[in-house]
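Chemist: First, the structure itself, so that you have it in front of you.
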Amino acid sequence: MNFLNWRTDKQLLEIINNESLDYDIRIKAQEERMRRRWPSCKIPGCKTFAQHTWATIPVCQHCKETLTTEQLDYYAEKLLPEDRTLIYSIAPYMPWRHQDLVVNP
Ligand SMILES: [Zn+2]
């Protein structure tokens, strides 16, 4: 159970800035603040905070770069449509639901 999730944002900041407190508790307070501000990355298996989006879907910096590489490879015809695995993995979250991108609708 997370004892920090009922704290206000101001209380979390006080914990983070209180140097007399244990380092681990201050880190956990910082993580709680980030969890409130950013959702987690929607790429399966990635739990990083999503500070970016790809086709309106929250993704982390690393996954966004990987998605960009995948897209560029696809448009450069280095990848076949069925090999765009990363974009398929987030297709179910897309508001317009590209049926050709949804592997298991
Ligand atoms: Zn990610």
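The values are calculated or read from the model by the stated rules, or taken from the named source; none is laboratory data. Given the structure is predicted, the values throughout are model-derived calculations rather than measurements. Positions of Cβ are backbone-derived with ideal geometry, glycine not excepted, and every protein chain shown enters the neighbour counts.
Chemist: Do the conditions hold for His52, that is, is it under 9 Å from the mean Cα position of the chain (by Cα) and surrounded by 11 or more Cβ atoms within 10 Å (Cβ to Cβ)? Give the steps one after another, and end with the answer.
Modeler: Details: under 9 Å from the mean Cα position of the chain (by Cα): yes; surrounded by 11 or more Cβ atoms within 10 Å (Cβ to Cβ): yes.
Answer is yes for this residue.
Chemist: Looking only at segment 15-71, count every residue that is within 15 Å of Tyr93 (Cβ to Cβ), touching a helix residue (DSSP H, G or I) at 6+ places or on another chain (Cβ under 7 Å) and in a helix (DSSP H, G or I) and tell me the total.
Modeler: 1
Chemist: Look at segment 32-49 and say how many of its residues are away from the ligand (no atom under 15 Å from the Cβ) and surrounded by 14 or more Cβ atoms within 10 Å (Cβ to Cβ). Walk me through it before giving the result.
Modeler: First pass over segment 32-49, keeping only residues away from the ligand (no atom under 15 Å from the Cβ): 32-33, 36-37.
Remaining after also requiring surrounded by 14 or more Cβ atoms within 10 Å (Cβ to Cβ): 32-33.
The total comes to 2.
Chemist: For segment 1-54, how many residues meet the condition of being in contact (Cβ under 8 Å) with a residue 24 or more places away in the chain, among the aliphatic types (A, V, I, L, M) and not assigned by TED's automatic domain parsing to the domain that holds Thr66?
Modeler: Step one: list which residues in segment 1-54 are in contact (Cβ under 8 Å) with a residue 24 or more places away in the chain, which gives 2, 4-5, 7, 9, 28-29, 32-33, 36, 42-44, 54.
After this cut, where a residue has to be among the aliphatic types (A, V, I, L, M) as well, the list is 4, 29, 43.
Subset that is not assigned by TED's automatic domain parsing to the domain that holds Thr66: 4, 29.
Number satisfying all stated conditions: 2.
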